[in-house]
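In what follows, a single structure is set out as structure tokens and then discussed.
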Amino acid sequence: MKKTTILSLLFLVFQNFVCFSQGSIRLSLNDALKLAQEQSLQTFLNKHYYMADYWAYRSFKADLLPSVNLRATPLAYSNASQLRYNSENQVDEFIRIENLRSDLNLNISQKVAVTGGTFFVQSELGRIENYGQNEYTQYSSRPFRIGYQQALFGFNAMKWQRKIEPLLFEKAKQEYLLSTENMHQTTINYFFGLVGAYIQMEIAQTNMQNTEKLLKVAHSRFDLGTVSREELLDLRLSNNNAQINLQQAGLNYREAKENLLNFLMLPVDIELETIIPENTPVSEVDIQLVLQKALDNNPEILQLEHSMLESRRHVEQANKARHFQADVDVSYGMSKDDGNYLESGQLKNVYRPEFENYRQLTLGINIPILDWGRSKGQYEMAKSRHEIVQVAGRQSLQQFKQNAVTRAIAFNIQKSRVESAALSDTLANESYELTMTRFSTGQADVLRLTSSQNAKDNARLQYINALADYWKYYYTLRQLTLFDFENNSNIEFDEDKILGL
């Protein structure tokens with residue numbers, strides 16, 4: 001399977017290389033969209049933006065799993081004077097101490113998201129070798145110590161993380177799809193920008209050729225007295241303007257082509273032929289379906305939920321900070337020491353039976369007595385911000401729904417606009433051809449000819465603009481709903497493809 005995939009990729013690369021080496025390519029709208037999704041800079045950025053969110057979520061998930069840590073101090077040498085209490089003389093005095101210390105600690109811990117506490121199991125081993133007048137070695141072990149740490153009546157950050165982090169990760173997936181659809185919008189703008197520039201250049205070329213022909217006819221008719229000098233000058237002016245328009249249209253076409261090629265990461269020196277998409281695959285959409293899919297799939301809805309959760313979290317955190325808090329650390333285990341100044345100990349002895357019980361209980365409390373209203377002020381500010389988020393969220397949701405309905409209604413008239421523009425383009429072309437024939441036979445004047453030419457040019461550009469608007473509105477709906485209306489299915493998020501699996 002992998003070999004087939006590699007061969008297919010090599011074939012595509014070779015095919016593209018041959019096509020580019022020939023110096024020209026034919027590009028449809030679908031081709032441009034696929035190229036943008038495969039190799040544009042925006043695709044690269046979208047992938048790595050998602051990867052940052054992906055690894056942030058993986059870190060959160062890993063934080064909920066048991067962690068194992070090994071801490072070691074292989075060597076800690078000390079040769080210094082230290083203040084010690086002399087029990088015989090009942091005084092403090094400085095004593096020169098020289099020793100070599102080593103210790104090892106293995107810790108396994110598991111966070112409890114429901115309570116915010118932490119279970120842990122530890123095993124410790126220590127060794128100290130004393131030098132000086134009485135040289136001896138001591139060993140100390142805690143084969144196991146099991147315990148639990150918990151903040152009582154305090155803020156449980158992990159409880160809120162379990163609510164917020166999955167929401168953020170789902171939002172990251174939808175934002176990736178949204179960015180892809182936004183990239184499609186940019187591709188459409190560049191594609192139809194090039195199509196429009198090419199049409200304008202074609203129009204300018206045709207107009208210049210026609211004005212040259214008509215100027216010759218006008219000279220003949222001027223000699224016969226059927227064309228006035230004023231009309232002849234108007235035609236000469238039209239011919240001169242046509243040359244200027246052709247030069248400007250050529251510059252506009254070159255700029256539009258370079259914009260599209262740069263966006264698609266293609267060589268800018270190749271010839272590009274665009275294929276105008278004449279078909280409109282979706283005639284209209286169900287407005288209720290658009291609204292429902294927008295509410296289900298758009299990351300803006302998850303952003304509203306996230307803002308609400310964050311404001312509730314801040315309210316609870318500020319409220320907990322106002323009241324009595326306590327920390328509990330309780331543990332139980334076994335320990336054993338071996339060795340003293342009379343006799344050095346041995347490592348094996350600290351792991352033999354007859355261990356001593358190890359118990360520890362720590363209770364810490366924090367009681368706010370006087371803070372001059374600071375905690376209450378923070379709590380009231382958090383409540384006020386929460387109310388603002390609620391009101392702003394309701395308004396944003398209402399505007400979002402209205403926008404979805406408006407976009408759907410606007411799209412549903414685009415197909416008829418394209419059909420009407422296509423008919424106008426056909427009629428304007430036929431009218432212009434007839435007007436040129438009538439002018440050649442002396443049945444139409446220059447004013448009528450100029451008016452017909454302008455109508456023909458405008459009709460052609462309006463048709464291209466109508467086509468562009470159709471595709472822009474269609475992909476706006478896709479961007480809003482993350483739904484493929486052509487295939488009647490949600491736009492799929494392929495995580496394996498993004499991760500390269």
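The values are calculated or read from the model by the stated rules, or taken from the named source; none is laboratory data. The model shown is predicted, which means the values in this text are computed figures rather than measured ones. With ideal geometry, Cβ positions are generated from the backbone for all residues, glycine too; neighbour counts draw on all protein chains shown.
Which residue, of Val227, Val268, Val195, Val217, is modelled with pLDDT under 90 and within 30 Å of Leu35 (Cα to Cα)?
Every option except Val268 fails the conditions.
Checking Asp329 against (1) assigned to a strand (DSSP E or B); (2) in contact with a Phe, Trp or Tyr (Cβ under 7 Å, 6 or more places away or on another chain), which single condition isn't satisfied?
Every listed condition holds for Asp329 apart from (2).
Residue by residue, here is whether (1) out of contact with any Leu (no Cβ under 6 Å at 6 or more places or on another chain); (2) in the same structural domain as Leu177 (by TED's automatic domain parsing); (3) assigned to a helix (DSSP H, G or I) holds:
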residue: Phe44; (1), (2), (3): yes, yes, yes
residue: Lys47; (1), (2), (3): yes, yes, yes
residue: Ala52; (1), (2), (3): yes, yes, yes
residue: Trp55; (1), (2), (3): yes, yes, yes
residue: Leu70; (1), (2), (3): no, no, no
residue: Pro74; (1), (2), (3): yes, no, no
residue: Ser78; (1), (2), (3): yes, no, no
residue: Ser81; (1), (2), (3): yes, no, no
residue: Arg84; (1), (2), (3): yes, no, no
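Out of all the residues in segment 309-347, which are of a type in the set (Lys, Arg) and either at pLDDT below 80 or over 19 Å from Arg374 (Cα atoms) (or both)?
Those that are of a type in the set (Lys, Arg) and either at pLDDT below 80 or over 19 Å from Arg374 (Cα atoms) (or both): Arg312, Lys336.
Give me a count of the residues in segment 288-305 that are outside any helix (DSSP H, G or I) and small (Gly, Ala, Ser).
The qualifying residues number 0.
Please indicate, with yes or no, whether at least one residue in segment 164-175 is touching a strand residue (DSSP E or B) at 6+ places or on another chain (Cβ under 8 Å) and either in a helix (DSSP H, G or I) or over 18 Å from Asp296 (Cα atoms) (or both).
no
Consider Thr137 carefully, then state whether it is surrounded by 13 or more Cβ atoms within 10 Å (Cβ to Cβ), free of Cβ contacts under 8 Å to residues at least 40 places away in the same chain, in a strand (DSSP E or B) and hydroxyl-bearing (Ser, Thr, Tyr).
So Thr137 fails the test.
Any idea how many residues of segment 74-92 are touching a Phe, Trp or Tyr at 6+ places or on another chain (Cβ under 8 Å) and farther than 23 Å from Glu129 by Cβ?
Counting residues in segment 74-92 that are touching a Phe, Trp or Tyr at 6+ places or on another chain (Cβ under 8 Å) and farther than 23 Å from Glu129 by Cβ gives 2.
Quick check on my filter: what residues within segment 54-92 are among the aromatic types (Phe, Trp, Tyr) and within 33 Å of the chain's Cα centre (by Cα)?
Passing the criteria: Tyr54, Trp55, Tyr57, Phe60.
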